1. For the structure I just gave you, tell me whether ILE41 is assigned to a strand (DSSP E or B) and on the phi < 0 side of the Ramachandran plot.
2. Out of curiosity, is ARG228 part of a helix (DSSP H, G or I), basic (Lys, Arg) and crowded, with 22+ Cβ neighbours inside 10 Å?
3. Tally time: how many residues in region 292-301 are assigned to a strand (DSSP E or B) and either more than 16 Å from THR244 (Cα to Cα) or hydrophobic (A, V, I, L, M, F, W, C) (or both)?
4. May I ask you to verify whether LEU207 is at pLDDT 95 or above, assigned to a strand (DSSP E or B) and closer than 22 Å to LEU95 by Cβ?
5. Do you know which of the residues in region 121-151 that are touching an Asp or Glu at 6+ places or on another chain (Cβ under 7 Å) and over 16 Å from ALA93 (Cβ atoms) is modelled with the lowest pLDDT?
6. Could you tell me how many of the residues in region 100-127 are touching a helix residue (DSSP H, G or I) at 6+ places or on another chain (Cβ under 6 Å) and either among the hydroxyl-bearing types (Ser, Thr, Tyr) or touching a residue at least 60 places away in the same chain (Cβ under 8 Å) (or both)?
7. Kindly check whether there is at least one residue in region 272-291 that is in a strand (DSSP E or B), β-branched (Val, Ile, Thr) and buried (at least 19 other Cβ atoms within 10 Å of the Cβ).
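The values are calculated or read from the model by the stated rules, or taken from the named source; none is laboratory data. Being a predicted model, the structure only gives us computed values, none of them experimental. Cβ atoms come from the backbone with ideal geometry, glycine included; neighbour counts cover every protein chain shown.
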Amino acid sequence: MTETKKISVNARAGKIVDHIIAEADTLRVSVTKGSHGETLIDAGAKTIGGFDVGLLMAEICLGGLGNVTLTPYSGTPKWPFHLTVRSADPVIACLASQYAGWALSHEKWFALGSGPGRALARKEPLFEDLGYADSADRATLVLEGDKPPPPEVVKKVAKDTGVPAERIAFIYAPTRSLAGSLQVVARVLEVALHKVHELKFPLSRVLDGFGTAPLSPPHPDFVQAMGRTNDAIIYGGLTHLFVTGPAADARELARQLPSQTSRDYGEPFSKIFQAFKGDFYKIDPLLFSPAVAMVTAVETGETFRAGEINESALEASFG
């Protein structure tokens with residue numbers, strides 16, 4: 001059943017967008033208008049951008065329902081600075097907003113749309129399971145790429161979200177950029193929740209959670225850059241979920257969540273990607289998981305842990 005909550009991820013994220021626009025010079029981004037009046041924010045393609053705007057992009061992806069911070073972490077001593085993600089409503093923030101699930105394309109241009117605009121368009125079957133629909137007079141999408149959307153895509157987004165183009169903001173940055181790499185690693189909690197959904201664990205039983213993963217150094221090559229951001233989560237990420245229901249269910253969820261349950265676990269992601277000739281769909285989907293999972297059954301107070309940080313794999317990936 002679809003439910004329109006009073007919480008609007010687009011309205012909340014819009015406040016962060018307004019802050020970026022007001023501080024464009026300080027954040028080293030460019031803000032322009034497209035042919036349909038849409039707002040285009042380059043956070044790392046032809047601009048320097050940086051980690052400051054990357055943190056804001058990550059919070060926009062979370063629909064304004066999460067906090068993303070850089071914190072020291074002793075679990076990966078060679079890569080001591082981690083991105084830590086917390087959300088007041090992790091299922092809505094991560095799956096209804098942050099998840100890169102809206103495929104947008106026109107001719108040779110292609111991107112996966114992340115962010116709160118997805119919750120207005122609701123083009124993905126996932127939304128039927130989430131039971132959430134946003135209602136707002138503005139929309140925001142985050143795109144992982146080095147080019148803004150062409151006018152045809154802007155027109156489609158306006159139609160599908162029901163928001164005029166002049167009220168839509170697109171923020172884009174390639175993975176090789178500082179902001180782009182950060183906002184991908186900041187998906188550590190979202191990756192865990194997506195796997196929770198794939199494992200058929202009821203999302204309604206997830207009360208709260210947080211995640212952390214090492215900030216991977218960017219790389220000028222797309223495949224290497226993409227590999228490093230994935231490896232940060234697969235080999236260095238840790239998530240802690242708090243769930244209702246029997247402790248046995250929490251124990252089993254913790255056992256199944258970590259990335260080491262995947263047949264493709266062990267090699268740097270760039271090598272895995274190349275081994276499958278760049279076909280994401282041939283990679284075992286179980287690989288896209290945090291390295292370590294902790295699950296607390298709140299009704300019994302028991303916590304279960306599985307997986308491990310793989311420092312050697314991080315070193316092979318990060319260099």
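1. Values: assigned to a strand (DSSP E or B): yes; on the phi < 0 side of the Ramachandran plot: yes.
The answer is yes for ILE41.
2. So ARG228 fits the description; yes.
3. Just the residues of region 292-301 that are assigned to a strand (DSSP E or B), to begin with: 292-297.
Next cut, either more than 16 Å from THR244 (Cα to Cα) or hydrophobic (A, V, I, L, M, F, W, C) (or both) only: 292-295, 297.
Qualifying residue count for the region: 5.
4. On the way: at pLDDT 95 or above: yes; assigned to a strand (DSSP E or B): yes; closer than 22 Å to LEU95 by Cβ: yes.
Yes.
5. LYS123
6. Total satisfying the criteria: 6.
7. Going residue by residue through region 272-291, those that are in a strand (DSSP E or B) are none.
So far as region 272-291 goes, no, none of its residues is in a strand (DSSP E or B), β-branched (Val, Ile, Thr) and buried (at least 19 other Cβ atoms within 10 Å of the Cβ).
Table: residues versus (1) touching a helix residue (DSSP H, G or I) at 6+ places or on another chain (Cβ under 9 Å); (2) under 20 Å from ASP231 (Cα atoms); (3) in a loop (DSSP other than H, G, I, E, B).
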| position | (1), (2), (3) |
| --- | --- |
| LYS6 | no, no, yes |
| ALA11 | no, no, no |
| SER35 | yes, no, yes |
| ILE60 | yes, no, no |
| LEU70 | yes, yes, no |
| GLY75 | yes, yes, yes |
| HIS82 | yes, yes, no |
| ARG86 | yes, no, no |
